[in-house]
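Let me begin by presenting the structure, written as C-alpha coordinates, before commenting on it.
The values are calculated or read from the model by the stated rules, or taken from the named source; none is laboratory data. Every value quoted in this text rests on a predicted model; they were computed, and no experiment measured them. With ideal geometry, Cβ positions are generated from the backbone for all residues, glycine too; neighbour counts draw on all protein chains shown. With ligands, DNA and RNA removed, areas are computed over all heavy atoms of the protein, side chains included. Shrake-Rupley method; radii C 1.70, N 1.55, O 1.52, S 1.80 Å.
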Amino acid sequence: MPKYKPLNTQIVDPLGVNTSIAARPMEMGSNESRNAIVKETSGEPTVDYIGKTNPYIDYQSIDILLSLQHPRSDGYDELSFIVMGQVKELLFKGLHFELVNAQMQIRKNNINNAIEILTRAIAYAKYIADAWNVLSTISTEGFSEFRNNLGTASGQLSFMYRHVEFVLGNKSKRLATAHKNVAHVWPEIEKSLQSPSLYDDVISLLSRRGFKIDQQMLKRDWTKTYKSNTSVEAAWLKIYTEASLDNDLYHLGEKLTSLDENFSIYRWRHFLTVQKIIGYKPGTGGSAGVGWLEKVTSHRFFPELWSIRTNL
Ligand code: HEM
(Lines give C-alpha, C1' and ligand atoms only; values in the text may rest on other atoms or scores of the structure.)
Protein backbone atom coordinates (compact mmCIF):
# COMPACT_ATOMS: atom_id res chain seq x y z
CA MET A 1 0.00 0.00 0.00
CA PRO A 2 1.18 3.57 -0.54
CA LYS A 3 3.15 4.95 2.37
CA TYR A 4 1.43 8.08 3.58
CA LYS A 5 -0.75 9.17 6.49
CA PRO A 6 -4.18 8.06 5.29
CA LEU A 7 -7.26 10.20 5.34
CA ASN A 8 -9.54 8.62 7.92
CA THR A 9 -12.98 10.20 7.60
CA GLN A 10 -15.00 10.37 10.78
CA ILE A 11 -18.23 8.93 9.43
CA VAL A 12 -20.23 9.22 12.65
CA ASP A 13 -20.21 12.04 15.22
CA PRO A 14 -19.71 10.07 18.46
CA LEU A 15 -21.68 12.67 20.42
CA GLY A 16 -24.90 11.60 18.68
CA VAL A 17 -24.53 7.83 19.20
CA ASN A 18 -26.92 6.01 21.51
CA THR A 19 -24.36 3.76 23.18
CA SER A 20 -26.79 1.42 24.93
CA ILE A 21 -26.16 -2.17 23.80
CA ALA A 22 -29.84 -3.06 24.29
CA ALA A 23 -32.11 -3.62 21.28
CA ARG A 24 -33.70 -0.26 20.49
CA PRO A 25 -37.49 0.11 20.57
CA MET A 26 -38.97 -0.02 17.07
CA GLU A 27 -42.37 -0.14 15.45
CA MET A 28 -43.37 -3.43 13.81
CA GLY A 29 -44.18 -3.37 10.10
CA SER A 30 -46.80 -5.39 8.24
CA ASN A 31 -47.97 -5.98 4.66
CA GLU A 32 -50.77 -3.49 5.32
CA SER A 33 -48.46 -0.77 6.67
CA ARG A 34 -46.06 -1.21 3.73
CA ASN A 35 -48.92 -1.07 1.22
CA ALA A 36 -50.21 2.13 2.84
CA ILE A 37 -46.73 3.74 2.82
CA VAL A 38 -46.00 2.88 -0.82
CA LYS A 39 -49.23 4.63 -1.84
CA GLU A 40 -48.06 7.80 -0.08
CA THR A 41 -44.54 7.69 -1.55
CA SER A 42 -45.66 6.89 -5.12
CA GLY A 43 -43.12 4.05 -5.09
CA GLU A 44 -40.04 6.12 -4.17
CA PRO A 45 -38.05 5.28 -0.98
CA THR A 46 -39.06 7.19 2.16
CA VAL A 47 -36.68 10.01 3.08
CA ASP A 48 -38.50 11.89 5.84
CA TYR A 49 -38.02 10.51 9.33
CA ILE A 50 -38.88 12.16 12.58
CA GLY A 51 -36.67 12.02 15.67
CA LYS A 52 -32.86 11.81 15.73
CA THR A 53 -32.33 8.48 14.09
CA ASN A 54 -33.94 6.14 11.55
CA PRO A 55 -35.18 2.54 11.67
CA TYR A 56 -32.26 1.12 9.69
CA ILE A 57 -29.75 2.60 12.15
CA ASP A 58 -31.83 1.39 15.10
CA TYR A 59 -32.54 -2.15 13.91
CA GLN A 60 -28.85 -3.13 13.94
CA SER A 61 -27.33 -0.31 16.05
CA ILE A 62 -25.34 0.69 12.97
CA ASP A 63 -24.11 3.98 14.46
CA ILE A 64 -22.45 2.16 17.37
CA LEU A 65 -21.02 -0.47 15.03
CA LEU A 66 -19.45 2.15 12.75
CA SER A 67 -18.03 4.08 15.71
CA LEU A 68 -15.85 1.19 16.89
CA GLN A 69 -12.91 1.44 14.46
CA HIS A 70 -10.02 3.31 16.07
CA PRO A 71 -6.66 3.13 14.28
CA ARG A 72 -3.87 3.91 16.73
CA SER A 73 -1.14 4.72 14.21
CA ASP A 74 -0.64 6.65 10.97
CA GLY A 75 -0.10 3.36 9.11
CA TYR A 76 -2.22 3.07 5.99
CA ASP A 77 -3.13 -0.60 6.58
CA GLU A 78 -4.37 -0.36 10.16
CA LEU A 79 -7.99 0.50 9.36
CA SER A 80 -8.39 -2.51 7.08
CA PHE A 81 -6.76 -4.73 9.75
CA ILE A 82 -9.28 -3.48 12.34
CA VAL A 83 -12.28 -3.76 10.00
CA MET A 84 -11.37 -7.30 8.93
CA GLY A 85 -10.66 -8.34 12.52
CA GLN A 86 -14.10 -7.10 13.58
CA VAL A 87 -15.80 -8.66 10.54
CA LYS A 88 -14.22 -11.97 11.47
CA GLU A 89 -15.43 -11.75 15.05
CA LEU A 90 -18.98 -11.23 13.75
CA LEU A 91 -18.60 -14.15 11.35
CA PHE A 92 -17.29 -16.38 14.15
CA LYS A 93 -20.40 -15.43 16.13
CA GLY A 94 -22.63 -16.36 13.19
CA LEU A 95 -20.78 -19.64 12.67
CA HIS A 96 -20.97 -20.50 16.38
CA PHE A 97 -24.73 -19.92 16.40
CA GLU A 98 -25.16 -22.43 13.55
CA LEU A 99 -22.88 -25.00 15.17
CA VAL A 100 -24.65 -24.88 18.53
CA ASN A 101 -28.01 -25.25 16.79
CA ALA A 102 -26.79 -28.11 14.61
CA GLN A 103 -25.62 -29.81 17.80
CA MET A 104 -29.03 -29.37 19.46
CA GLN A 105 -30.79 -30.80 16.41
CA ILE A 106 -28.51 -33.84 16.41
CA ARG A 107 -29.26 -34.33 20.11
CA LYS A 108 -32.97 -34.39 19.20
CA ASN A 109 -32.37 -36.80 16.29
CA ASN A 110 -33.43 -34.16 13.73
CA ILE A 111 -30.64 -35.07 11.34
CA ASN A 112 -32.06 -33.37 8.26
CA ASN A 113 -32.35 -30.10 10.20
CA ALA A 114 -28.74 -30.45 11.32
CA ILE A 115 -27.64 -31.09 7.72
CA GLU A 116 -29.44 -27.94 6.55
CA ILE A 117 -27.85 -25.88 9.32
CA LEU A 118 -24.39 -27.30 8.59
CA THR A 119 -24.76 -26.21 4.96
CA ARG A 120 -24.87 -22.64 6.23
CA ALA A 121 -22.02 -23.28 8.68
CA ILE A 122 -19.88 -24.42 5.73
CA ALA A 123 -20.80 -21.23 3.83
CA TYR A 124 -19.64 -19.21 6.87
CA ALA A 125 -16.36 -21.12 7.06
CA LYS A 126 -15.67 -20.40 3.36
CA TYR A 127 -16.51 -16.73 3.84
CA ILE A 128 -14.24 -16.46 6.88
CA ALA A 129 -11.38 -18.05 4.93
CA ASP A 130 -11.93 -15.50 2.13
CA ALA A 131 -11.36 -12.67 4.61
CA TRP A 132 -7.66 -13.43 4.10
CA ASN A 133 -8.02 -12.05 0.54
CA VAL A 134 -8.18 -8.57 2.04
CA LEU A 135 -5.70 -9.17 4.87
CA SER A 136 -3.05 -10.64 2.58
CA THR A 137 -2.79 -7.25 0.82
CA ILE A 138 -1.05 -5.97 3.98
CA SER A 139 2.69 -5.89 3.35
CA THR A 140 5.43 -6.57 5.88
CA GLU A 141 6.34 -2.86 5.94
CA GLY A 142 2.67 -1.84 6.19
CA PHE A 143 2.11 -4.15 9.16
CA SER A 144 5.28 -2.92 10.88
CA GLU A 145 3.84 0.59 10.86
CA PHE A 146 1.21 -0.37 13.44
CA ARG A 147 2.34 -3.71 14.92
CA ASN A 148 3.76 -2.09 18.07
CA ASN A 149 0.38 -0.48 18.70
CA LEU A 150 -1.05 -3.97 19.26
CA GLY A 151 1.05 -4.36 22.39
CA THR A 152 0.44 -7.98 23.43
CA ALA A 153 -2.98 -8.17 21.72
CA SER A 154 -3.31 -11.26 19.51
CA GLY A 155 -5.99 -13.30 17.77
CA GLN A 156 -5.22 -16.14 20.17
CA LEU A 157 -7.16 -14.04 22.72
CA SER A 158 -10.32 -14.12 20.58
CA PHE A 159 -12.94 -15.62 22.90
CA MET A 160 -15.39 -15.92 19.99
CA TYR A 161 -12.85 -18.00 18.07
CA ARG A 162 -12.24 -20.12 21.17
CA HIS A 163 -16.01 -20.79 21.39
CA VAL A 164 -15.96 -22.02 17.79
CA GLU A 165 -12.96 -24.29 18.44
CA PHE A 166 -14.56 -25.66 21.60
CA VAL A 167 -17.99 -26.43 20.13
CA LEU A 168 -16.11 -28.27 17.38
CA GLY A 169 -14.16 -30.28 19.97
CA ASN A 170 -10.70 -28.69 19.84
CA LYS A 171 -10.51 -28.02 23.57
CA SER A 172 -7.62 -26.46 25.43
CA LYS A 173 -7.71 -25.73 29.15
CA ARG A 174 -4.58 -23.66 28.72
CA LEU A 175 -5.92 -21.38 25.98
CA ALA A 176 -9.26 -21.08 27.82
CA THR A 177 -7.39 -19.82 30.88
CA ALA A 178 -6.46 -16.66 28.98
CA HIS A 179 -10.03 -15.47 29.63
CA LYS A 180 -10.21 -16.35 33.32
CA ASN A 181 -9.81 -12.75 34.47
CA VAL A 182 -12.60 -11.46 32.20
CA ALA A 183 -15.69 -11.92 34.37
CA HIS A 184 -18.17 -11.16 31.57
CA VAL A 185 -16.62 -13.72 29.21
CA TRP A 186 -15.15 -16.51 31.37
CA PRO A 187 -18.34 -18.34 32.53
CA GLU A 188 -19.43 -19.17 28.96
CA ILE A 189 -15.91 -20.19 27.94
CA GLU A 190 -15.64 -22.47 30.97
CA LYS A 191 -19.08 -23.95 30.24
CA SER A 192 -18.11 -24.59 26.64
CA LEU A 193 -14.81 -26.19 27.74
CA GLN A 194 -16.68 -28.58 30.02
CA SER A 195 -19.51 -29.49 27.61
CA PRO A 196 -19.66 -32.16 24.93
CA SER A 197 -18.84 -30.87 21.46
CA LEU A 198 -20.97 -31.15 18.34
CA TYR A 199 -18.93 -34.21 17.34
CA ASP A 200 -19.42 -35.81 20.77
CA ASP A 201 -23.16 -35.53 20.09
CA VAL A 202 -22.69 -37.04 16.63
CA ILE A 203 -20.93 -40.00 18.26
CA SER A 204 -23.82 -40.44 20.72
CA LEU A 205 -26.14 -40.42 17.71
CA LEU A 206 -24.10 -43.20 16.05
CA SER A 207 -24.47 -45.20 19.25
CA ARG A 208 -28.25 -44.59 19.36
CA ARG A 209 -28.43 -45.76 15.75
CA GLY A 210 -26.96 -49.10 16.78
CA PHE A 211 -23.28 -48.72 15.96
CA LYS A 212 -20.95 -50.28 18.51
CA ILE A 213 -19.20 -47.30 20.08
CA ASP A 214 -16.76 -47.70 22.99
CA GLN A 215 -18.50 -46.65 26.22
CA GLN A 216 -15.57 -44.41 27.16
CA MET A 217 -16.40 -42.24 24.10
CA LEU A 218 -19.92 -41.55 25.36
CA LYS A 219 -18.89 -40.23 28.74
CA ARG A 220 -15.41 -38.89 28.40
CA ASP A 221 -13.68 -35.89 29.95
CA TRP A 222 -15.17 -33.20 27.69
CA THR A 223 -12.40 -30.73 28.55
CA LYS A 224 -9.98 -32.88 26.51
CA THR A 225 -9.49 -32.38 22.77
CA TYR A 226 -11.19 -35.11 20.78
CA LYS A 227 -8.82 -37.89 19.70
CA SER A 228 -9.49 -40.51 17.01
CA ASN A 229 -11.10 -43.76 18.16
CA THR A 230 -11.26 -47.11 16.34
CA SER A 231 -14.93 -47.85 17.23
CA VAL A 232 -15.98 -44.47 15.79
CA GLU A 233 -13.83 -45.10 12.73
CA ALA A 234 -15.46 -48.52 12.20
CA ALA A 235 -18.92 -46.92 12.44
CA TRP A 236 -18.11 -44.30 9.80
CA LEU A 237 -16.51 -46.91 7.57
CA LYS A 238 -19.72 -48.95 7.67
CA ILE A 239 -21.83 -45.85 6.97
CA TYR A 240 -19.62 -44.93 4.03
CA THR A 241 -20.01 -48.37 2.43
CA GLU A 242 -23.60 -47.23 1.83
CA ALA A 243 -22.69 -43.89 0.33
CA SER A 244 -25.93 -42.31 -0.83
CA LEU A 245 -27.61 -39.04 0.02
CA ASP A 246 -30.64 -41.07 1.16
CA ASN A 247 -28.42 -42.34 3.93
CA ASP A 248 -28.73 -39.44 6.39
CA LEU A 249 -25.63 -40.46 8.38
CA TYR A 250 -23.52 -40.52 5.22
CA HIS A 251 -24.92 -37.11 4.28
CA LEU A 252 -24.12 -35.81 7.78
CA GLY A 253 -20.58 -37.26 7.53
CA GLU A 254 -20.01 -35.43 4.25
CA LYS A 255 -21.25 -32.12 5.69
CA LEU A 256 -18.95 -32.50 8.70
CA THR A 257 -16.02 -33.31 6.43
CA SER A 258 -16.70 -30.26 4.29
CA LEU A 259 -16.87 -28.09 7.41
CA ASP A 260 -13.56 -29.51 8.65
CA GLU A 261 -12.03 -29.03 5.20
CA ASN A 262 -13.07 -25.38 4.99
CA PHE A 263 -12.02 -24.61 8.55
CA SER A 264 -8.64 -26.15 7.77
CA ILE A 265 -8.40 -23.88 4.71
CA TYR A 266 -9.11 -20.91 7.02
CA ARG A 267 -6.33 -22.02 9.39
CA TRP A 268 -3.96 -22.66 6.51
CA ARG A 269 -4.56 -19.25 4.96
CA HIS A 270 -4.02 -17.57 8.36
CA PHE A 271 -0.71 -19.42 8.72
CA LEU A 272 0.36 -18.53 5.18
CA THR A 273 -0.67 -14.86 5.45
CA VAL A 274 1.14 -14.56 8.77
CA GLN A 275 4.28 -16.13 7.28
CA LYS A 276 4.10 -13.64 4.42
CA ILE A 277 3.60 -10.65 6.72
CA ILE A 278 5.88 -11.30 9.71
CA GLY A 279 8.16 -14.13 8.53
CA TYR A 280 9.57 -15.98 11.54
CA LYS A 281 9.22 -13.15 14.08
CA PRO A 282 7.53 -14.09 17.39
CA GLY A 283 3.79 -13.38 17.71
CA THR A 284 2.35 -10.51 19.74
CA GLY A 285 0.51 -13.07 21.91
CA GLY A 286 3.67 -14.69 23.26
CA SER A 287 4.02 -17.61 20.84
CA ALA A 288 6.91 -18.40 18.52
CA GLY A 289 4.63 -17.21 15.69
CA VAL A 290 4.61 -19.18 12.43
CA GLY A 291 6.12 -22.30 14.10
CA TRP A 292 3.22 -22.44 16.60
CA LEU A 293 0.61 -21.71 13.93
CA GLU A 294 1.97 -24.52 11.75
CA LYS A 295 1.28 -26.97 14.59
CA VAL A 296 -2.32 -25.81 15.18
CA THR A 297 -2.97 -25.74 11.43
CA SER A 298 -2.65 -29.52 11.15
CA HIS A 299 -5.58 -30.11 13.56
CA ARG A 300 -8.67 -31.91 12.23
CA PHE A 301 -11.92 -31.82 14.23
CA PHE A 302 -13.32 -35.11 12.94
CA PRO A 303 -10.25 -37.32 12.41
CA GLU A 304 -12.07 -40.58 11.54
CA LEU A 305 -13.89 -38.88 8.67
CA TRP A 306 -10.45 -38.31 7.14
CA SER A 307 -8.79 -41.60 8.04
CA ILE A 308 -11.55 -43.84 6.64
CA ARG A 309 -10.90 -42.53 3.15
CA THR A 310 -7.75 -44.62 2.87
CA ASN A 311 -9.87 -47.75 3.21
CA LEU A 312 -12.80 -46.81 1.00
C1 HEM B 1 -2.89 -10.00 9.35
C2 HEM B 1 -2.06 -10.00 10.37
C3 HEM B 1 -2.00 -11.10 11.36
C4 HEM B 1 -0.86 -11.63 11.86
C5 HEM B 1 0.56 -11.23 11.51
C6 HEM B 1 -1.24 -12.65 12.82
C7 HEM B 1 -0.38 -13.39 13.55
C8 HEM B 1 -0.71 -14.36 14.46
C9 HEM B 1 0.21 -15.11 15.27
C10 HEM B 1 1.72 -14.97 15.21
C11 HEM B 1 -0.50 -15.94 16.06
C12 HEM B 1 0.05 -16.90 17.12
C13 HEM B 1 -0.25 -16.40 18.50
C14 HEM B 1 0.60 -15.20 18.88
O15 HEM B 1 0.17 -14.06 18.62
O16 HEM B 1 1.68 -15.38 19.46
C17 HEM B 1 -1.88 -15.75 15.75
C18 HEM B 1 -2.91 -16.44 16.30
C19 HEM B 1 -4.23 -16.23 15.99
N20 HEM B 1 -4.72 -15.26 15.14
FE21 HEM B 1 -3.68 -14.07 13.95
N22 HEM B 1 -2.60 -12.74 12.85
C23 HEM B 1 -3.10 -11.79 11.99
C24 HEM B 1 -4.44 -11.51 11.77
C25 HEM B 1 -5.47 -12.14 12.40
C26 HEM B 1 -6.85 -11.77 12.27
C27 HEM B 1 -7.41 -10.60 11.45
C28 HEM B 1 -7.58 -12.64 13.00
C29 HEM B 1 -9.05 -12.69 13.16
C30 HEM B 1 -9.70 -12.25 14.18
C31 HEM B 1 -6.63 -13.55 13.62
C32 HEM B 1 -6.97 -14.57 14.46
C33 HEM B 1 -6.08 -15.37 15.13
C34 HEM B 1 -6.49 -16.46 16.00
C35 HEM B 1 -7.91 -16.90 16.29
C36 HEM B 1 -5.32 -17.01 16.52
C37 HEM B 1 -5.24 -18.22 17.45
C38 HEM B 1 -5.19 -19.48 16.60
C39 HEM B 1 -5.48 -20.74 17.38
O40 HEM B 1 -5.74 -20.71 18.58
O41 HEM B 1 -5.47 -21.83 16.74
N42 HEM B 1 -5.37 -13.23 13.23
N43 HEM B 1 -1.98 -14.78 14.77
Are any of the residues in segment 286-295 more than 6 Å from the ligand (Cβ to nearest atom), under 22 Å from Lys126 (Cβ atoms), part of a helix (DSSP H, G or I) and open to solvent by 70 Å² or more (accessible area, probe 1.4 Å)? no
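So which helices (runs of 4 or more DSSP H) are wholly in segment 28-95 and hold at least 1 residues that are in contact with a Ser or Thr (Cβ under 9 Å, 6 or more places away or on another chain)?
31-41, 62-65
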Just give me the residues in segment 211-241 being closer than 20 Å to Lys171 by Cα and either in contact with a strand residue (DSSP E or B) (Cβ under 6 Å, 6 or more places away or on another chain) or not hydrophobic (A, V, I, L, M, F, W, C) (or both), in sequence order. Gln216, Lys219, Arg220, Asp221, Thr223, Lys224, Thr225, Tyr226, Lys227, Ser228, Asn229
The number of residues in segment 16-66 that are under 24 Å from Val87 (Cα atoms) and among the hydrophobic types (A, V, I, L, M, F, W, C) is 9
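Which helices (runs of 4 or more DSSP H) sit wholly inside segment 143-262 and have at least 3 residues that are in contact (Cβ under 8 Å) with a residue 40 or more places away in the chain and either within 16 Å of the ligand (Cβ to nearest atom) or touching a Pro at 6+ places or on another chain (Cβ under 9 Å) (or both)?
Numbers: elements: 159-167, 173-177, 186-194, 198-208, 230-241.
Once the helices (runs of 4 or more DSSP H) in segment 143-262 are filtered for at least 3 residues that are in contact (Cβ under 8 Å) with a residue 40 or more places away in the chain and either within 16 Å of the ligand (Cβ to nearest atom) or touching a Pro at 6+ places or on another chain (Cβ under 9 Å) (or both), what remains is 159-167.
Right, Ser231: more than 22 Å from Leu95 (Cα to Cα) and not aliphatic (A, V, I, L, M) or not?
On the way: more than 22 Å from Leu95 (Cα to Cα): yes; not aliphatic (A, V, I, L, M): yes.
Yes, satisfied.
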May I ask you to list pairs of residues, at least six apart or on different chains, whose Cβ atoms are under 8 Å apart, with the first in segment 276-295 being under 19 Å from Gly151 (Cβ atoms) and the second being more than 6 Å from the ligand (Cβ to nearest atom) and open to solvent by 80 Å² or more (accessible area, probe 1.4 Å)? Thr284/Thr152; Gly285/Thr152; Gly286/Thr152; Ala288/Pro282; Gly289/Tyr280; Gly289/Lys281; Gly289/Pro282
Pick out the one residue from Ile278, Ile265 that is within 10 Å of the ligand (Cβ to nearest atom), hydrophobic (A, V, I, L, M, F, W, C) and at pLDDT 95 or above. Ile278
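Select from segment 236-253 the residues that are small (Gly, Ala, Ser) and under 29 Å from the mean Cα position of the chain (by Cα) and list them in ascending order. Full working, then the answer.
Of segment 236-253, the ones small (Gly, Ala, Ser) are 243-244, 253.
If the condition is that a residue be small (Gly, Ala, Ser) and under 29 Å from the mean Cα position of the chain (by Cα), then Gly253 is the only one that fits.
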Can you name the number of the only condition in (1) away from the ligand (no atom under 16 Å from the Cβ); (2) open to solvent by 20 Å² or more (accessible area, probe 1.4 Å) that Gln103 fails? (2)
